[in-house]
Amino acid sequence: MTETSLLTLDLDALASNHAVLKAAAGGAEIAPAVKADGYGLGAALVAGRLWDEGARSFYVARLSEGLALRASLGDRDATIYLLDGVTPGAAPAIEAARLTPVLNSLPQIEAWNSHARGRVLDAALHIDTGMNRLGLRPEEAVVLTGAMDRLKHVNLTLVISHLACASEPDHALNARQLSRFTEAAALFPNARRSLANSGGIFLGGDYQFDQARPGISLYGGGPRDLPDARIKAVATLEAPILQARVVPRGESIGYGAAFTATETTRVAILAAGYADGVPRAAHPRGAMWFDGALRPMLGRVSMDLIAVDITDCDAARPGAMMQIIGPDRLVDDAAAAAGTTAYELLTRIAPRARRVVKGG
Ligand SMILES: *Cc1c(COP(=O)(O)O)cnc(C)c1O
């Protein structure tokens, strides 16, 4: 029993998802995205297990994440790609931690090339194929190949691009991005190629190239932002019941009196709220799994408390745990009910929770 929320991280489920993605990726290397602290689950924890499962390359976003991951991996000699690339002043720290920057612009290429002068340092190159976020435009890549001295001190090991709509297989942008990427990557024939995130792996063999970069589906979210039978829940978040009470017909529950009982209603008050990762928008469609069924949330999240309908449920007593997300309340379903995505729910998961690791 526990008096706060409990976050159980199932590393065997993580390993199973890794195996599923690897099998689906048609021989491409699986290079997990472990940015945002491993999507909220703990980057050191997930990278450690994924290393044991055979992963040798990882992606982080921020320099600070790359430094922390390098330290946590110790003498395990992984390639750590830094998606933010060479931000101003960062080159010495990137080199010292043996991170591989993903060069996102001509100025970043200039910064890394001039930092590397007298030596040759590895880097990846990001080509933007339609997302207009990071990366060289395809026409800039063409300019670059006409001025290869700009890469004189750079060993370009990998060319990447990122799909905007990989979770929607029928979206027309997927094929457009694929063809732009194929064309642009051909300008750098000695570099390996990487396009697919979780969703991209399932778009078919054309999208898989040499390396795939899954994140969300390693951590339990489906590749199409929907539950997927092949992907297992990795994070289980539960919270204890503090009290069971009866709300008479006609009375309301919680802040804003947002729910009024139309019948006499048995309610469990749960020790969970914002600091346990439940968003305000969980009202009015949120639900918790308990005693074999989904039980609707009643009224708003009240900072640290949530009311749940337990009419017809005798098992609800103080100390019993309700599942907020997990194998019986999949993160994609909980996210959809709250008008958000598994990405947001996981990265904001339970700062207050007691963490327990299961498996491996
Ligand atoms: C975050 C990220 C990924 C992983 O995406 P998922 O949708 O979580 O699988 C892959 N590539 C890049 C460039 C990313 O930023």
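Table: residues versus (1) surrounded by 15 or more Cβ atoms within 10 Å (Cβ to Cβ); (2) of a type outside the set (Asp, Glu); (3) at pLDDT 95 or above; (4) more than 29 Å from Gly48 (Cα to Cα).
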| site | (1), (2), (3), (4) |
| --- | --- |
| Ala282 | yes, yes, no, yes |
| Ala307 | yes, yes, yes, yes |
| Asp314 | no, no, no, yes |
| Met322 | yes, yes, yes, yes |
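Please indicate, with yes or no, whether at least one residue in the range 235-247 is within 16 Å of the ligand (Cβ to nearest atom), within 27 Å of the chain's Cα centre (by Cα) and at pLDDT 95 or above. Scanning the range 235-247 turns up at least one residue that is within 16 Å of the ligand (Cβ to nearest atom), within 27 Å of the chain's Cα centre (by Cα) and at pLDDT 95 or above. Being more than 16 Å from the ligand (Cβ to nearest atom), outside any strand (DSSP E or B) and at pLDDT 95 or above holds for only one residue in Pro189, Pro223, and it is Pro189.
Within the option set His153, His162, being within 12 Å of the ligand (Cβ to nearest atom) and in the same structural domain as Asn190 (by TED's automatic domain parsing) holds for one residue only, His162. Within the range 204-214, the set of residues being within 12 Å of the ligand (Cβ to nearest atom) and either surrounded by fewer than 23 Cβ atoms within 10 Å (Cβ to Cβ) or assigned to a loop (DSSP other than H, G, I, E, B) (or both) comprises Gln211, Arg213, Pro214.
When residues in the range 294-315 are screened for being part of a strand (DSSP E or B) and under 13 Å from Ala268 (Cβ atoms), 10 of them pass. Residue count for the range 44-73 under the criterion of being within 13 Å of the ligand (Cβ to nearest atom) and surrounded by fewer than 23 Cβ atoms within 10 Å (Cβ to Cβ): the result is 3.
Per the listing Ala36, Ala25, the residue uniquely at positive phi and in the same structural domain as Leu125 (by TED's automatic domain parsing) is Ala36.
For the range 74-92, a residue qualifies if it is surrounded by fewer than 17 Cβ atoms within 10 Å (Cβ to Cβ) and among the charged types (D, E, K, R), and the qualifying residues are Asp75, Arg76, Asp77. Taking every residue in the range 71-84 that is farther than 16 Å from Ala31 by Cα and pairing it with any residue that is part of a helix (DSSP H, G or I) and among the basic types (Lys, Arg), at least 6 positions away or on another chain, yields no pair with a Cβ-Cβ distance below 8 Å. All told, Ala229 meets the bar of being away from the ligand (no atom under 16 Å from the Cβ) and either closer than 26 Å to Arg193 by Cα or outside the structural domain of Arg329 (by TED's automatic domain parsing) (or both).
Being more than 8 Å from the ligand (Cβ to nearest atom) and of a type in the set (Gly, Ala, Ser) is not true of Ser167.
The listed residues are Arg49, Arg70, Arg119, Arg133, and the only one of them that is within 22 Å of Leu21 (Cβ to Cβ), assigned by TED's automatic domain parsing to the domain that holds Ala175 and either out of contact with any helix residue (DSSP H, G or I) (no Cβ under 9 Å at 6 or more places or on another chain) or among the charged types (D, E, K, R) (or both) turns out to be Arg49.
Taking the condition more than 30 Å from Arg355 (Cα to Cα) and either crowded, with 24+ Cβ neighbours inside 10 Å or not assigned by TED's automatic domain parsing to the domain that holds Ala28 (or both), does Ala196 pass? Yes: the conditions hold for Ala196.
Taken over the range 109-130, the criterion of being loosely packed, with under 15 Cβ neighbours inside 10 Å and of a type outside the set (Lys, Arg) is satisfied by Glu110, Ser114, Gly118, Val120. Here Ser217 passes the criteria (1) surrounded by 23 or more Cβ atoms within 10 Å (Cβ to Cβ); (2) polar (S, T, N, Q); (3) over 28 Å from Arg329 (Cβ atoms); (4) within 12 Å of the ligand (Cβ to nearest atom) except the one numbered (3).
Comparison of Asp314, Asp276, Asp332 shows that the only residue that is outside the structural domain of Gly199 (by TED's automatic domain parsing) and closer than 21 Å to Lys232 by Cα is Asp332. Taking the range 118-138 as the range and being of a type outside the set (Val, Ile, Thr) and in a strand (DSSP E or B) as the test, the residues that pass are Leu121, Asp122, Ala123, Ala124, Leu125, His126, Leu136. Just one of the listed residues (Ala28, Ala23) is at pLDDT 95 or above, buried (at least 22 other Cβ atoms within 10 Å of the Cβ) and over 29 Å from Val278 (Cα atoms), namely Ala28.
The values are calculated or read from the model by the stated rules, or taken from the named source; none is laboratory data. On a predicted model such as this, the values are computed, not experimentally measured, just so you know. Every residue, glycine as well, gets a Cβ built from its backbone with ideal geometry; the counts of neighbours run over all protein chains shown.
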